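To start, the structure itself, in structure tokens.
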Amino acid sequence: MAEATMPGIHDHPVFRFAPSPNGLLHLGHALSAVLNHDMAKAAGGRFLLRMEDIDLTRCTPELEQAIYRDLRWLGLDWQTPVRRQSEHFPAYHEALARLDEMGLVYPAFLTRGEVKAKVTAHEAKGKIWPRDPDGSPLYPENDRNRSETERAAIIANGVRHAFRLDTTKALQMIGRPLTWTETGDGEQGEISADPAAWGDVILSRSDAPSSYHLSVTVDDAAQNVTNVVRGLDLFEATAVHRLLQELLELPQPIYHHHRLIVGPDGRKLSKSEGSTGLAAPRDQGLTPADIRRLVGL
């Protein structure tokens, strides 16, 4: 396979597979894990495993052990120790503080229900509310436009809040177009990044110390990841990661977004559907070689 023989531009390539232990691995995860492993081996590089377990309510030690079991059954090995996000909250706090010192972070008070109501009322008038590449409505500008005095008063009253990135201000601070190098199954070459399409993304929640966008950016830099290999469903999100990399002065990996494995309904596989997990084909007597064929490798 051509992709697996591409070492990229780095002398010491580092690849990583980063599942969340909030469910069992399925065929889509198998494709991503095996592809990362194979590309790392072909490039003479390192293959790392990361547990994205910021969600302490849904991620469990039992599911983490199940991931190890499935990956070993697939014949994969990885360098240790495994990085767990739950053990690196201070690193995410530090990154958030740096962005805050730059004046790029603000407290966001609107609940999902309040955002939905605002969007519904707006669209009921025949107007269009802007949405991000995933189809979710962009966060309203209410909180971004509050005064510091108003914010302080709301926080003093104990209102729970998240922290969001002022994307418009961040892009003005960067002052130049952003791109990333792509070698995947869709567009290839230098890709124009459009962070503005995502609006003011969440950096930290009231119930979690970091968002996916912030933690994955910090983690990839901390682990010296040179090649990010992941599904095409995260292609557009790379724009946000490129913006955070520039703001935090972090290195830029090469990106490779691979095709997705879809179910009979044409939708990408979900951890919530147990029938798509790797345990089922294993129990039916399929081998790791069979799994490779099933995912097109």
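Each reported figure results from applying straightforward, stated rules to the coordinates on display, with no laboratory input. Since the structure is predicted, the reported quantities are computational estimates derived from the model, not experimental observations. Note: ideal-geometry Cβ built from the backbone for every residue, glycine included; neighbour counts use all protein chains shown.
Which whole-number percent is the relative contact order of the range 202-259 (Cα, under 8 Å, 6+ apart)? Show your work: numbers first, answer last.
Working: 49 pairs, mean separation 22.0, N = 58.
Value for the range 202-259: 38 percent.
Which of Thr226, Thr120, Thr60 comes first, and how do the rest follow, when ranked by fewest Cβ neighbours within 10 Å? Walk me through the numbers on the way to the answer.
On the way: Thr226 24, Thr120 11, Thr60 14.
Arranged by neighbour count, lowest to highest, Thr226, Thr120, Thr60 become Thr120, Thr60, Thr226.
Remind me, relative contact order of the chain in percent, using alpha carbon pairs under 8 angstrom and six or more residues apart? Provide the component values of the computation, followed by the final result.
Working: 455 pairs, mean separation 70.0, N = 297.
In percent, rounded to a whole number, it is 24.
For the range 147-297, what does the alpha-carbon gyration tensor say about shape, rounded, prolate or oblate, given a ≥ b ≥ c as the root eigenvalues, a/c under 1.5 as rounded, and a/b over b/c as prolate? Could the numbers behind the result be given before it?
Details: a/c = 2.65, a/b = 1.58, b/c = 1.68.
Oblate shape, in that a/c is at least 1.5 and b/c is the bigger or equal ratio.
Name the shape class, rounded, prolate or oblate, that the alpha-carbon gyration tensor gives for the range 96-209, where a ≥ b ≥ c are the square roots of its eigenvalues, rounded holds for a/c under 1.5, and otherwise prolate holds if a/b is larger than b/c and oblate otherwise.
Values: a/c = 2.13, a/b = 1.35, b/c = 1.58.
Oblate, since a/c reaches 1.5 and b/c is not below a/b.
Place a +1 charge on the Cβ of each Lys and Arg in the range 195-297 and a -1 charge on the Cβ of each Asp and Glu, then give the dipole magnitude about the Cα centre in debye, rounded to the nearest 20. The partial results should precede the final answer.
Values: 10 positive and 12 negative charges, 87 e Å.
For this selection, approximately 420 debye.
Name the residue from Pro264, Leu243, Ser215 whose Cα lies farthest towards the positive end of the charge dipole of the range 184-297, charges +1 on Cβ of Lys and Arg and -1 on Cβ of Asp and Glu.
After comparing all options, I get Pro264.
Mind checking which aspartates and glutamates have their C-alpha under 17 Å from Lys41, skipping anything on the same chain fewer than 8 residues away?
Answer for Lys41, where 17 Å is the Cα cut-off: Glu3, Asp11, Asp77, listed by chain and number.
Specify whether the C-alpha gyration tensor of the range 22-90 places it in the rounded, prolate or oblate class, a ≥ b ≥ c being the square roots of the eigenvalues: rounded for a/c under 1.5, otherwise prolate if a/b is larger than b/c and oblate if not. Provide the component values of the computation, followed by the final result.
Numbers: a/c = 2.26, a/b = 1.43, b/c = 1.58.
Oblate, because a/c is 1.5 or more while a/b does not exceed b/c.
Can you tell me which of Arg151, Arg267, Arg205 moves the most in a GNM of the chain? Springs connect C-alpha atoms under 10 Å apart.
Per the Cα network of the chain with a 10 Å cutoff, Arg267 tops the list.
Calculate the translational D of the chain in whole µm² s⁻¹ from Stokes-Einstein, where the hydrodynamic radius comes from the Kirkwood formula applied to all Cα pairs, the temperature is 37 °C and the viscosity 0.692 mPa s. Don't skip to the end; give the middle numbers.
Details: Rh = 20.7 Å.
D = 159 µm²/s.
Grab the Cα-Cα distance for Ala222 and Lys268, subtract it from 0.36 nm times how many residues apart they are, and report the gain in nm with one decimal. Intermediate results must be reported in sequence, preceding the final value.
Working: separation 46, 0.36 × 46 = 16.56 nm, distance 2.98 nm.
Net length gain for the segment: 13.6 nm.
Report the charge-dipole magnitude of the range 58-195 in Debye, nearest 20, computed about the Cα centre from +1 at each Lys and Arg Cβ and -1 at each Asp and Glu Cβ.
Values: 19 positive and 22 negative charges, 123 e Å.
Its charge dipole is roughly 600 debye.
Listing Arg176, Arg144 from the residue with the fewest other Cβ atoms within 10 Å to the one with the most, what is the order?
With the sparsest Cβ surroundings first, the list reads Arg176, Arg144.
Indicate, rounded to the nearest 5 percent, the antiparallel portion of the DSSP beta bridges found entirely in the range 131-259.
Numbers: 9 of 15 bridges.
Expressed as a percentage, antiparallel bridges in the range 131-259 total about 60.
Residue separation times 0.36 nm, minus the C-alpha to C-alpha distance between Ile128 and Arg176: what's the value?
Working: separation 48, 0.36 × 48 = 17.28 nm, distance 2.87 nm.
The span from Ile128 to Arg176 would gain 14.4 nm if fully extended.
Expressed as a rounded percentage, what relative contact order does the range 11-169 have, with Cα pairs under 8 Å and six or more residues apart?
After rounding, I find 21 percent.
Nothing charged except the Cβ atoms of Lys and Arg (+1) and of Asp and Glu (-1): what's the magnitude of the dipole of the range 78-135 about its Cα centre? Round to the nearest 20 debye.
Numbers: 9 positive and 8 negative charges, 65 e Å.
Computed about the Cα centre, the dipole is about 320 debye.
What order do you get for Val105, Val119 when you list them from fewest to most C-beta neighbours inside 10 Å? Provide the component values of the computation, followed by the final result.
Numbers: Val105 21, Val119 18.
Lowest count first: Val119, Val105.
Before rounding to the nearest 500, sum -39500 (n - 2.57) across all DSSP H runs of length at least 4 in the chain and divide by the residue total; then give [θ] at 222 nm in deg cm²/dmol. It would help to have the intermediate numbers written out before the result.
On the way: 10 runs with 106 residues, N = 297.
Counting only the DSSP helices, I get -10500 deg cm²/dmol.
Only Cα pairs within less than 10 Å get springs; with that Gaussian network setup on the chain, which residue of Arg160, Arg112, Arg72 has the largest fluctuation?
Arg112
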